[in-house]
Amino acid sequence: MHDRYAGKWYHNMTFQQTTSAWDSAGTKTVATWYESLQVPGTIRIDFAPRSDGNGVLAIHDSTYVVQHGAVTSARAGGNILLTMAFDVYVAPVEKTLGVVRSAGYDLSKVHMDTWQGMSVYVVGADPGNLNVPQLWIDAKRLLLVRIFTPAKPGAATLRDIRFNQWRPIAGGWIAPNVEFYVGSVRQRTEDYADIKTNVALNPELFDVSKWSSAPHWAP
């Protein structure tokens with residue numbers, strides 16, 4: 001994956017995300033998120049309205065939850081979705097391997113399967129086993145199309161996350177539709193719009209201590 005796109009992949013991205021979620025009763029809510037991505041290793045998510053100062057910052061090996069401009073919780077560990085959908089194409093291979101192993105994926109297990117009509121590499125599981133963390137990689141384009149990952153750090157319940165509609169952009173790719181399932185139940189979808197790459201982003205945007213004061217591209 002790294003060697004296919006090394007030196008070609010975009011180094012940052014911004015987009016507006018429409019997040020649709022369903023609770024256990026089937027009630028739907030819709031929210032707008034503004035996402036700022038710096039590859040490798042960093043993603044900032046601002047929840048609309050931005051004036052409330054709420055969001056999440058995942059930077060390198062730490063994740064911060066921010067409410068009203070202040071950090072309310074922090075945990076060690078980054079974002080495996082960021083690692084496998086973006087960072088893998090830019091970061092050193094050994095760095096990616098370390099992140100994936102520490103997240104609980106067994107890299108000694110690899111087999112072939114089919115997903116949405118395409119051949120895929122399945123990494124982390126034996127054939128037919130959907131009950132352990134695993135990565136599904138499109139064998140032709142070497143893009144993440146499906147990932148099973150714990151719903152929360154340390155949880156036994158897995159989320160089945162599906163990256164759809166991959167399209168090329170700025171030397172790399174983006175999947176503008178992502179679906180989150182637990183079992184057969186869809187819990188969330190994400191749809192990206194106003195996608196921009198290799199834009200000028202102020203470094204303070206990724207400094208959690210300057211969450212509210214950093215210049216931002218979104219309204």
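When the residues of the stretch 76-100 are filtered to those that are surrounded by 12 or more Cβ atoms within 10 Å (Cβ to Cβ) and among the charged types (D, E, K, R), which remaining residue is modelled with the lowest pLDDT?
Lys95
Scan Leu82, Leu97, Leu107 and give me the residue that is assigned to a helix (DSSP H, G or I) and more than 20 Å from Asp207 (Cβ to Cβ).
None of the others qualify; the one that does is Leu97.
Do we have any residue at all in the stretch 118-132 that's modelled with pLDDT of 95 or more, exposed (fewer than 15 other Cβ atoms within 10 Å of the Cβ), of a type in the set (Gly, Ala, Ser) and within 20 Å of Thr14 (Cα to Cα)?
Looking for residues that are modelled with pLDDT of 95 or more, exposed (fewer than 15 other Cβ atoms within 10 Å of the Cβ), of a type in the set (Gly, Ala, Ser) and within 20 Å of Thr14 (Cα to Cα), one finds none in the stretch 118-132, hence no.
If you go through the stretch 19-44, how many residues are outside any loop (DSSP other than H, G, I, E, B) and farther than 17 Å from Thr197 by Cβ?
So the count comes out to 10.
Do you know which of the residues in the stretch 166-195 that are surrounded by fewer than 14 Cβ atoms within 10 Å (Cβ to Cβ) and not polar (S, T, N, Q) is nearest to Asp23 (Cα to Cα)?
Val185
Among the residues of the stretch 33-40, is there at least one that is under 20 Å from Ala218 (Cβ atoms) and over 15 Å from the mean Cα position of the chain (by Cα)?
Within the stretch 33-40 (the criterion being under 20 Å from Ala218 (Cβ atoms) and over 15 Å from the mean Cα position of the chain (by Cα)), the answer is no, since none of the residues qualifies.
Out of curiosity, is Lys196 modelled with pLDDT under 95, of a type in the set (Lys, Arg) and either in a strand (DSSP E or B) or farther than 24 Å from Met1 by Cβ (or both)?
Spelling it out, it is not the case that Lys196 is modelled with pLDDT under 95, of a type in the set (Lys, Arg) and either in a strand (DSSP E or B) or farther than 24 Å from Met1 by Cβ (or both).
In the set Asp194, Asp207, Asp160, which member is of a type in the set (Asp, Glu) and within 17 Å of the chain's Cα centre (by Cα)?
Answer to the selection: Asp160.
Mind listing whichever residues of the stretch 140-154 are at pLDDT below 95 and either of a type in the set (A, V, I, L, M, F, W, C) or within 14 Å of Asp113 (Cα to Cα) (or both)?
Ala151
Do you know which residues across the stretch 101-110 are closer than 21 Å to Arg159 by Cα and loosely packed, with under 14 Cβ neighbours inside 10 Å?
Arg101, Ser102, Leu107
What residue, among those in the stretch 98-142 that are under 20 Å from the mean Cα position of the chain (by Cα) and among the basic types (Lys, Arg), is farthest from Trp166 (Cα to Cα)?
Across the stretch 98-142, the extreme among qualifying residues is Arg101.
From the residues in the stretch 123-138 that are in a loop (DSSP other than H, G, I, E, B) and not aliphatic (A, V, I, L, M), which one is nearest to Asp191 (Cα to Cα)?
Within the stretch 123-138, the match that is nearest to Asp191 (Cα to Cα) is Pro133.
Just wondering, is there one or more residues in the stretch 32-47 that are surrounded by fewer than 19 Cβ atoms within 10 Å (Cβ to Cβ) and among the small types (Gly, Ala, Ser)?
no
Modelled with pLDDT under 95, surrounded by fewer than 19 Cβ atoms within 10 Å (Cβ to Cβ) and within 15 Å of the chain's Cα centre (by Cα): is that true of Ile59 in this structure?
Yes, satisfied.
Considering only the stretch 159-185, how many residues are modelled with pLDDT of 95 or more and not in a strand (DSSP E or B)?
6
How many residues, within the stretch 139-158, are under 21 Å from Val120 (Cβ atoms) and in a loop (DSSP other than H, G, I, E, B)?
So the answer is 5.
The values are calculated or read from the model by the stated rules, or taken from the named source; none is laboratory data. In this text the structure is predicted, and so the values were computed from the model without any measurement. Please note: Cβ atoms are built from the backbone with ideal geometry, for glycine as well, and neighbour counts cover all protein chains shown.
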